[in-house]
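The values are calculated or read from the model by the stated rules, or taken from the named source; none is laboratory data. These numbers come from a predicted model, not from an experiment. Counting neighbours? That spans all protein chains shown, and the Cβs are built from the backbone with ideal geometry, glycine included. With ligands, DNA and RNA removed, areas are computed over all heavy atoms of the protein, side chains included. Shrake-Rupley method; radii C 1.70, N 1.55, O 1.52, S 1.80 Å.
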Amino acid sequence: LSKRRVDARPGYNLVLTLDADIQKSAERALRWHKSGAAVVLEVATGRILAMASKPTFDPNILSGRLTQEQARALYDNPYHPMLDKVLQGSYFPGSTYKVIPAMAALEERLVDTTERIFCKKYHEYGKRSAFRCTHAHGPVNLYHAIVQSCNIFFYHMAERVGMDRMARYARDFGLGSPTGLGLNAEQGGFIPTKAWYNKYMPGGFRIGHTLNSGVGQGNVSVTPLQLAMVYATIANGGKLSLPQIVDRIETADGQIVQTFPPQIRRRVQVSTKTLRLIRRALQGVINNPLGTAYDARVKGIAAAGKTGTAQVTKRGKTARNRKEWRRFMDHAWFASYAPYNDPEIAVVVLVEHGGSAAKVAAPANMKIMRDYFTQIKPRREAQASGTVTQTNASAGL
């Protein structure tokens, strides 16, 4: 064998779309929660600016032989630190999903903006009244049903639209299949159909399955990244992007080898008028005093979004102790974008077993919005214009 010395040569650098400051903000937003996820996207391009999954772990311990204690901490932890919750976590979306039957009903001309449905806190299905709302809202139209998150209104919409049409609109927005990011064995969530229930459920399909699906329960499941893509698509006027985490490849001295421009998967089959109506209602969720996220609003940030409190166990089930009680708590979601009149970023926060979305997920989500619009974006703009020094521009939040 030759003993000739071969000098090392620097390889290429992979430049990601992730923004370190926004990533820190997303991780801080989850600081007080044991388990959850956050993702931030550019609305216009689908570029991922931050992805946070909690709890996390030190990857250095995987470089050697794991001790029994380390293995138990990773694999027996009930909060699943080895799971990338942004891409691999598949959850009931709860009321964040209501935009799907809303758009389907509008597009199929099954409802108009003036129709009011009376919410008396429960929806009668046969001889049962098991399908309930948080409280009696009285007569509500589509706008107020989204703003106040009225389940009764969306039980009616789900019945009118039907399971399979609802599934068709959900899939048009990318739900039910991986987004195409191609990272970490990404999951595709699940969107049920009548045929699936007839094949796999004892007794087959029943209208109750449709009612549950209409409020993001039953067998509907999504990943946080999928949900962020849905809200980015609503915000940008109907362009479903391919999410992107690699911006470019460079040589060691900064020469660009390859760039990865944004790609559009498709334009969704929803009219501009319908998307405008949905955006108006999502704006009301945060800015209307009746909105479920009104208390989480941040002065000066014109955001729109939707709360989602997703039930994870059957009603009436009781915990034997406090540890088990937390496992029965609802998942808390908030999906948003801002500014609502010229959207730049979409943010989704999930707090596993966090309880009330309005009290838990919405404030965490708006913390990310606040950091971006009041600190990160102004600092980037000042740095680009040369009005601040590098030292100031890189200072911590």
Q | Set Gly203, Gly237, Gly182, Gly188: member being under 15 Å from Met103 (Cβ atoms) and part of a loop (DSSP other than H, G, I, E, B) | A | Gly237
Q. For segment 254-265, does any single residue satisfy the condition of being under 25 Å from Pro101 (Cβ atoms), open to solvent by 50 Å² or more (accessible area, probe 1.4 Å), of a type in the set (S, T, N, Q) and touching a residue at least 12 places away in the same chain (Cβ under 8 Å)?
A. no
Q.
Tell me whether segment 2-16 contains one or more residues that are among the hydrophobic types (A, V, I, L, M, F, W, C), crowded, with 23+ Cβ neighbours inside 10 Å and modelled with pLDDT of 95 or more.
A. no
Q. Name the pairs whose Cβ atoms lie under 8 Å apart, with the first residue in segment 215-232 and more than 29 Å from His123 (Cα to Cα), the second of a type in the set (Ser, Thr, Tyr) and open to solvent by less than 10 Å² (accessible area, probe 1.4 Å), and 6 or more positions between them or separate chains?
A. Leu225/Thr179; Gln226/Thr179; Met229/Thr179; Met229/Ser241; Ala232/Ser241; Ala232/Tyr337
Q: Look through Phe373, Phe328 and report the one residue that is open to solvent by less than 50 Å² (accessible area, probe 1.4 Å), out of contact with any helix residue (DSSP H, G or I) (no Cβ under 7 Å at 6 or more places or on another chain) and modelled with pLDDT under 90.
A: Phe328
Q.
Here's a check for you: in segment 156-185, which residue that is among the hydroxyl-bearing types (Ser, Thr, Tyr) and open to solvent by 10 Å² or more (accessible area, probe 1.4 Å) is farthest from the chain's Cα centre (by Cα)?
A. Tyr169
Q | Residues satisfying the stated conditions in segment 224-252, i.e. touching a Ser or Thr at 6+ places or on another chain (Cβ under 7 Å), more than 28 Å from Arg280 (Cβ to Cβ) and hydroxyl-bearing (Ser, Thr, Tyr) | A | none
Q: Tell me which residues, restricted to segment 63-111, are closer than 26 Å to His353 by Cβ, of a type in the set (A, V, I, L, M, F, W, C), touching a residue at least 40 places away in the same chain (Cβ under 8 Å) and assigned to a helix (DSSP H, G or I).
A: Val99, Ile100
Q. Is it true that some residue in segment 18-39 is hydroxyl-bearing (Ser, Thr, Tyr), under 16 Å from Val246 (Cα atoms), surrounded by 15 or more Cβ atoms within 10 Å (Cβ to Cβ) and in contact (Cβ under 8 Å) with a residue 40 or more places away in the chain?
A. no
Q: Kindly establish whether Val312 is among the aliphatic types (A, V, I, L, M) and either assigned to a loop (DSSP other than H, G, I, E, B) or modelled with pLDDT under 95 (or both).
A: yes
Q.
Among (1) part of a helix (DSSP H, G or I); (2) out of contact with any helix residue (DSSP H, G or I) (no Cβ under 8 Å at 6 or more places or on another chain), there is one condition Met157 misses while meeting the rest; what is its number?
A. (2)
**Q.** Leading residue by the ranking (modelled with the lowest pLDDT) among those in segment 88-122 that are at positive phi and open to solvent by 10 Å² or more (accessible area, probe 1.4 Å)
**A.** Lys121
